[in-house]
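The values are calculated or read from the model by the stated rules, or taken from the named source; none is laboratory data. Everything numeric in this text was worked out from a predicted model, so none of it was measured. Here the Cβ is made from the backbone with ideal geometry for all residues, glycine too, and neighbour counts use every protein chain on show. The protein model used for the area step is the full one, side chains on, heavy atoms only, and it has no ligands, DNA or RNA in it. Shrake-Rupley method; radii C 1.70, N 1.55, O 1.52, S 1.80 Å.
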Amino acid sequence: MQPVSHFFDQYSAKLYLDSGEVLTPCSPDIFTQENQERMITKLESRLKEKGVIPPQDFLMWAE
């Protein structure tokens, strides 16, 4: 399978899956300018572990 990107809006904490589904996997309050990349990487790993997104997929976000 080809990797697919899913968009995560850290300001609203909404995850837009390629299927059109929109999830809110966490609170936007956990993101700061200093930790956003680390927290989004952690979120991506957790979503893969839980099977929400396939292992080859990845998250994109606005910086």
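Values as computed for the structure displayed
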| read-out | value |
| --- | --- |
| Accessible surface, per residue, of the chain when the full set of protein chains is kept, probe 1.4 Å, Å² | 68 |
| Rounded percent of accessible protein surface that carbon and sulfur make up, the chain, 1.4 Å probe | 52 |
| Cleavage-rule hits, chymotrypsin sites (Phe, Trp or Tyr not before Pro), the chain, DSSP coil, Cβ neighbours within 10 Å at most 15 | Tyr11 |
| P(r), alpha carbons of the chain - 5 Å bins starting at zero, rounded % | 4, 18, 33, 27, 13, 4, 1 |
| Spin-label model distance (nm) - Lys48 vs Gln33, 7 Å beyond Cα toward Cβ | 3.0 |
| Karplus-derived HN-Hα couplings along the stretch 33-44 (A = 6.51, B = -1.76, C = 1.60, θ = phi - 60°), whole Hz, x at Gly and Pro | 4, 6, 10, 4, 5, 5, 5, 5, 4, 5, 4, 4 |
| Other-chain or far-sequence residues with amide H under 5 Å of Trp61's (modelled H) | Phe8 |
| Partner aspartates and glutamates for Lys48 [C-alpha distance under 17 Å; skip if fewer than 8 residues away on the same chain] | Asp18, Glu21, Glu37, Asp57 |
| Helix-only mean residue ellipticity at 222 nm for the chain, each DSSP H run of n ≥ 4 adding -39500 (n - 2.57), per residue, nearest 500 | -7000 deg cm²/dmol |
| Rel. contact order, % - alpha carbon contacts under 8 angstrom, at least six apart, the chain | 43 |
